[in-house]
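The values are calculated or read from the model by the stated rules, or taken from the named source; none is laboratory data. Fair warning: this is a prediction, and the values are worked out from it, not measured in the lab. Quick reminder, even Gly has a Cβ in these numbers, built from the backbone with ideal geometry, and neighbours come from all protein chains shown. What goes into the accessible areas is simple: the full protein's heavy atoms, side chains included, and nothing from ligands, DNA or RNA. Shrake-Rupley method; radii C 1.70, N 1.55, O 1.52, S 1.80 Å.
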Amino acid sequence: MAEEIDVSFVMTVYNKEYYLPSVLTALLAQTGLKNPEYIFVDDVSSDNSVEIIRRMTAGLPNVTVVTNPYNRGISARINQGIALAKGKWTRMLDSDDIFPLDSTATMIRLAEQNKAEMVYGCFTKTGKEPRDLENCLLEEFDYHYYPNALDAVLNGRFTRMGQLIKTDVLQKAGGADERAFIQDESIPLRAAIYARGIVKMTAHVVLVPKELGNFSGNKLQLDHDRFMAYYWTLKDHPELPADALQKMYLRAVSAYWKFTKKTKQFPFFSAAFLHYLGCKLFHLPPDDNWLQQMYREFAARTDMRRIKP
């Protein structure tokens, strides 16, 4: 009988040859795992990223390298990998994320001790060369268990690839929302709807080397994708508790307000600011007219990256 896969690592790849040798060194050296799986999904890299992956994983079991005929974007490609995952747990990463060597086993241990189906840690931008982060371990940390995963996600910040999620929960949630180009906001939100409990760690479970450029520098794109994550969750799950819907609506309104500040003259005299204040101070329930107005403005932008069908 084949040994059960304890964790599936899902990595999206796009032109990261500078980072990959160190990222893979740390990934393949994760301690305390019994039978990990590695899934790499390339989004038509034009550098040597795929060749580096194939060379460094040659001869290892449970390795899948997915290549694609055309570029689609981060959310779509991570969903390809999630759909293939066979492990009990799934841990996702970008191809410039470096994991402390003991981080995955620690996250699994906390999940099982607390009977949680999500574990979330922090990330830190180190500004260091990738090779200087290959052999890092977790420093001393605290953690807290929340029985209501959705409430925890809606009352905290759960972005970037800091999560370990039960694979069946992640697959039931549908992974990332492909109606948003960047996956950071939608994955924890969608998974938390189905998860039984979440552990939030103070540990830096993702180390970010010095950055050569990424989508996080495009603040308008982040506002757009954050709004879309909450907009579509509100539309897809009207059955959720009223307080959860109100918090999602506030997040959508907040994303729109941040977008307004960057794109409009005299934003503090706008209806967007007044509506944001009303939602923030008086916990206004979702207003579908406002929601659709905000959606139409975002959808009309031609300078946003979106998933190709």
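Structure summary
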| quantity | calculated |
| --- | --- |
| Number of the condition not met by residue 69 [criteria: (1) under 21 Å from the mean Cα position of the chain (by Cα); (2) within 24 Å of residue 179 (Cβ to Cβ)] | (1) |
| Residue list for segment 183-195, restricted to those being under 8 Å from the mean Cα position of the chain (by Cα) and of a type outside the set (D, E, K, R) | 183, 186, 187, 188 |
| Condition broken by residue 247, with the remaining ones in (1) open to solvent by less than 80 Å² (accessible area, probe 1.4 Å); (2) more than 13 Å from residue 223 (Cβ to Cβ); (3) among the charged types (D, E, K, R); (4) part of a loop (DSSP other than H, G, I, E, B) satisfied | (4) |
| Test: residue in segment 180-200 that is farther than 14 Å from residue 89 by Cβ, among the aliphatic types (A, V, I, L, M), open to solvent by 10 Å² or more (accessible area, probe 1.4 Å) and in contact (Cβ under 8 Å) with a residue 24 or more places away in the chain | yes |
| From 292, 221, 265, residue being of a type in the set (S, T, N, Q), under 23 Å from residue 174 (Cα atoms) and either open to solvent by 10 Å² or more (accessible area, probe 1.4 Å) or assigned to a helix (DSSP H, G or I) (or both) | 221 |
| Test result for residue 137, buried (at least 22 other Cβ atoms within 10 Å of the Cβ) and either without any contact (Cβ under 8 Å) to a residue 60 or more places away in the chain or not in a loop (DSSP other than H, G, I, E, B) (or both) | no |
| Neighbours by Cβ (under 8 Å, 6+ apart or cross-chain): first from segment 68-81, free of Cβ contacts under 8 Å to residues at least 40 places away in the same chain; second part of a helix (DSSP H, G or I) | 68/77; 68/80 |
| Flag if residue 152 is touching a His at 6+ places or on another chain (Cβ under 9 Å), assigned to a helix (DSSP H, G or I) and either open to solvent by less than 80 Å² (accessible area, probe 1.4 Å) or at pLDDT 95 or above (or both) | yes |
| Sole residue being crowded, with 17+ Cβ neighbours inside 10 Å and farther than 25 Å from residue 209 by Cα, chosen from 112, 117 | 117 |
| Subset of segment 1-52 (residues that are acidic (Asp, Glu) and within 24 Å of residue 210 (Cβ to Cβ)) | 17, 42, 43, 47, 51 |
| Residue tally, condition under 12 Å from the mean Cα position of the chain (by Cα) and open to solvent by less than 10 Å² (accessible area, probe 1.4 Å), over segment 155-179 | 9 |
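Yes/no per residue for (1) more than 19 Å from residue 234 (Cα to Cα); (2) touching a residue at least 60 places away in the same chain (Cβ under 8 Å); (3) not in a helix (DSSP H, G or I):
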residue	(1), (2), (3)
261	yes, no, no
273	yes, no, no
279	no, no, no
285	no, no, yes
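Here's the yes/no breakdown for (1) within 17 Å of residue 24 (Cα to Cα); (2) of a type in the set (Phe, Trp, Tyr):
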residue	(1), (2)
83	no, no
97	yes, no
103	yes, no
107	no, no
120	no, yes
123	no, yes
